[in-house]
Amino acid sequence: TQSTWGGSSNRRGRKSPRQEKIYSQTIYKHRNFYFKLADFSDNSVSLTELKGTVAYMSRPALHLVDSLAGKPKLFQPLKPPLVTWYMCGPTVYDHAHIGHARTFVSFDILRRVMETHFGYSVHQVWGVTDVDDKIINRAKERGTTPSQLAAQFELEFWRDISALHVKLPFAATRVSEHIEEIISFVSTIIDNKFAYVTSDNSVYFDTRAFGPSYGTFRAVVSNSDVGAPDGDEQLTTKRHPADFALWKSTKPGEEGAVWNSPWGPGRPGWHIECSAMSTSHFDASAPMDIHSGGIDLIFPHHQNELAQCEAHQGCPGKGWVNYWLHSGHLHIEGRKMSKSLKNFISISDFWKMGYTAEQFRMFCLLNHYRTHTTFSAERMKEASSHIERFHTFLNLVSNRVATDISRTQTSASQIPTKWGSNEKEIHALLTKTQSEVLAGLANDLDTRTAVMSLGQLANDTVTYVQSTPSPSIALLANVHHFASTTISSFGLPLGAASAANDSESDVREWIELAVKSRVSLRDIAKDKTTDASQLRKRMFDLCDQIRRDCAGLGIGLHDANGQAATWSALKSDKSEPPNGTTQ
């Protein structure tokens, strides 16, 4: 709704706008609308002085489903626009698989949406577990040290993340580099009477001392989503079966991962690592905005993290994170993808199957991040078709706009200004799409709704361009800007820029094509003996040859009812260029 506010009076009993601080701007609220000062940076200027310059912003607020609450919550970071976010990263003992990739890509999409569409500044930290029982055991199997094995797979993980086009975190925390912080954290929990030292010099969290606040996560997770245990359940030194290790004393054969502590040589338990690393990076006295990971981390890992941090503060039930976010399982052949089940497709094997990072990201966009989703060739085909559709749409519109602008440089009368019914329909669809996309993103990152709405806009715009002799350049430019920036905000740099590889070899191919075409054209122009009809045929034959040559380089040329030709990117397989004749 576009309107103006005529000052701050209480005419007809209306309430005066209430000033609030949202993000880094001064925002005014009236009833359910937020609106901001237009084109003014001085927040001290009154509404009365700015009569007629304030516009309403009808923007839906972001809601996210908090796993602990089990329902959507209005997202309100503690210190906007800053968002503090800790994400459990990999345990680096094996190859990362596409189940991991789904978690990181999905939360990368959320981060980008929060930054681009909602104006937040996201400070994201990832934890890297490079000290763990699995790493020690795998190192023994391979005849190497735990640190060498962890370094090998961590390097592979970062390469995978880069290939998936996931934005890097502001910081990454390794367990091996935070042993001092972990020991201090455990000591405080012991001092607060929520942990005890056993006869073998291990340290365990005392769940009975912690009280009924322990287990809140267990009530909201199904048995199928419970994660793997920490490996210490069978130890008889524990006081209670639910107690878990904060510090594990060294056992024979574990010499490759040992640090001294007040309780004796050993290493951290799995759960304490993330608690200590995250609070060492963020303010330990205040709740963190977001903590995320795969759904199998809810219990026991995130339950234990929560208990540890509350025990560290000496306040069970106080809360430590405002929004717990979890991604669903990725299934294959009816079972969740898991290293422990040996039922997974590694990211490196995924590339060998012929898929791209863009296709996988679209797969994630089409399947809500919290749902359990099955990976299959059919679903990847669906993702690929969306990628191709957006490629064609963006390239077609971009080139039509560029071509028409080039034509109008010689004659202003060629610029269409009057809208007909077709233009009004496209404009109405653009407005509707803008609203649907933002509403979908605000609704717990419903990216499928956003993608489908954009797809309808793409289809109708392509039909409009192909059926209209003189489409509105300005309208097309606005459609292209909205669609391309929105798609880009998901981490998909589609369009003309990504349609063709600009490597040296490709550039050389295009230069050679241009030179060959120019030589042929000059030969025709210099021919003074052939009659006009034959010269005309030779020109059309040359056009057809150029079309085929362009198709061989991955670019399709399209004639449109006598109007300027347009182009689009073809599929990557350039071995079979389509046939066609110029009319």
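The values are calculated or read from the model by the stated rules, or taken from the named source; none is laboratory data. This one's a predicted model, so the numbers in the text were calculated from it and none came from an experiment. FYI the Cβ positions are ideal-geometry reconstructions off the backbone, even for glycines, and counts take in every protein chain you see. Ligands, DNA and RNA are excluded from the accessible area calculation, which covers all protein heavy atoms including side chains. Shrake-Rupley method; radii C 1.70, N 1.55, O 1.52, S 1.80 Å.
Values for this structure:
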| item | result |
| --- | --- |
| Around residue 347: net Lys/Arg minus Asp/Glu count, Cβ-Cβ under 12 Å | -1 |
| Calculated FRET value between residue 152 and residue 534, using beta carbons and R₀ = 51 Å, to 0.05 | 0.15 |
| Gain on full stretching of the segment that runs from residue 141 to residue 389 - 0.36 nm per residue minus C-alpha separation | 84.5 nm |
| Euclidean distance between Cα centres, segment 91-133 to segment 469-493, Å | 29 |
| Two-site FRET efficiency, residue 522 against residue 167, from Cβ-Cβ distance with R₀ of 60 Å, rounded to 0.05 | 0.75 |
| Accessible area per residue in Å² at 1.4 Å probe, computed on segment 294-380 | 37 |
| Cα centroid separation, segment 332-370 to segment 181-218 (Å) | 37 |
| Residue 514 paired with residue 351, simple spin-label distance in nm, labels 7 Å along Cα-to-beta-carbon | 3.2 |
| Förster-model FRET efficiency, 35 Å R0, residue 193 and residue 76, C-beta, rounded to 0.05 | 0.55 |
| Cleavage-rule hits (trypsin sites (Lys or Arg not before Pro)) in segment 239-319: DSSP loop, at most 16 neighbouring Cβ within 10 angstrom | 239, 318 |
